[in-house]
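**Q** This is the structure I have questions about; it appears just below.
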């Protein structure tokens, strides 16, 4: 039985990933700030009170994972704010950096000894963090934080390879979740199914690759 840890698991993509891995017979630890009725109904191990913006308190928040061996760590939690020229909000930019980029790195480091040889780390990012794919501008904090996450993920891929741990960087698509007021092009369930396929195909040879959920390799 594989042990899977998923952040932001109470709704959207995280909830669907939780359902898929639970149905596959995995033991899932679902991390979130606050649970939901839908998450409670899955019967997985729910760890609440995980506020990724509070980095100093993060070690205590993940205490329930002490001694748990992890086969798959999925960093799914993220936030989206909206800054534009003439409306630059340093506070929301910093908040996105903390949650979207720094927290996944810190959490991976905190759980380093929990990761099995052969384990996988998946970081749900966005093509909005791509320089080559930016054709519209704006969304400064989100784009910058996701670009930072992508950079951290590549370094993780190099640093974790000697431990036989592979890392994948995944764009889920434009997904119908609360983050975008459900305006997306693909359902959270469909996106999660595609993400699971990308994770299954992950190995040390393709570790550190920036993938679209549909299998396309994305530009940096």
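Bear in mind these aren't lab numbers, they're just calculated from the coordinates by the rules spelled out. Here the structure is a predicted model, which is why all the values come from computation and not from measurement. Cβ placement follows ideal geometry from the backbone for every residue including glycine, while neighbour counts extend to all protein chains displayed.
**Q** State which residue pairs qualify: first residue at negative phi and free of Cβ contacts under 8 Å to residues at least 12 places away in the same chain and inside the stretch 134-149, second residue surrounded by fewer than 20 Cβ atoms within 10 Å (Cβ to Cβ) and part of a helix (DSSP H, G or I) in any location, beta carbons under 8 Å apart, and separation of 6 or more residues or different chains.
**A** What qualifies is 134/128.
**Q** Looking for whichever is at negative phi and either touching a residue at least 40 places away in the same chain (Cβ under 8 Å) or in contact with a helix residue (DSSP H, G or I) (Cβ under 7 Å, 6 or more places away or on another chain) (or both) here; the options are 155, 130. Which one fits? Can you show your working first?
**A** Working: 155 fails: either touching a residue at least 40 places away in the same chain (Cβ under 8 Å) or in contact with a helix residue (DSSP H, G or I) (Cβ under 7 Å, 6 or more places away or on another chain) (or both).
Answer to the check: 130.
**Q** Could you check residue 192 against (1) assigned to a loop (DSSP other than H, G, I, E, B); (2) touching a residue at least 60 places away in the same chain (Cβ under 8 Å); (3) under 19 Å from residue 14 (Cα atoms) and say which number it fails?
**A** (1)
**Q** Within the stretch 99-116, can one find any residue that is out of contact with any strand residue (DSSP E or B) (no Cβ under 8 Å at 6 or more places or on another chain), surrounded by fewer than 21 Cβ atoms within 10 Å (Cβ to Cβ) and assigned to a loop (DSSP other than H, G, I, E, B)?
**A** no
**Q** Okay, moving on. Quick one: which strands (runs of 3 or more DSSP E) lie wholly within the stretch 1-98 and hold at least 1 residues that are crowded, with 24+ Cβ neighbours inside 10 Å? Please lay out each step first, then the result.
**A** Working: elements: 3-7, 27-31, 45-47, 70-75.
Answer list for the stretch 1-98: 3-7, 27-31, 70-75.
**Q** Shifting gears a bit: Determine, yes or no, whether residue 144 is assigned to a helix (DSSP H, G or I), more than 15 Å from the chain's Cα centre (by Cα) and surrounded by 17 or more Cβ atoms within 10 Å (Cβ to Cβ). Outline the logic, then answer.
**A** Numbers: assigned to a helix (DSSP H, G or I): yes; more than 15 Å from the chain's Cα centre (by Cα): yes; surrounded by 17 or more Cβ atoms within 10 Å (Cβ to Cβ): yes.
Considered against the rule, which asks whether it is assigned to a helix (DSSP H, G or I), more than 15 Å from the chain's Cα centre (by Cα) and surrounded by 17 or more Cβ atoms within 10 Å (Cβ to Cβ), residue 144 comes out as yes.
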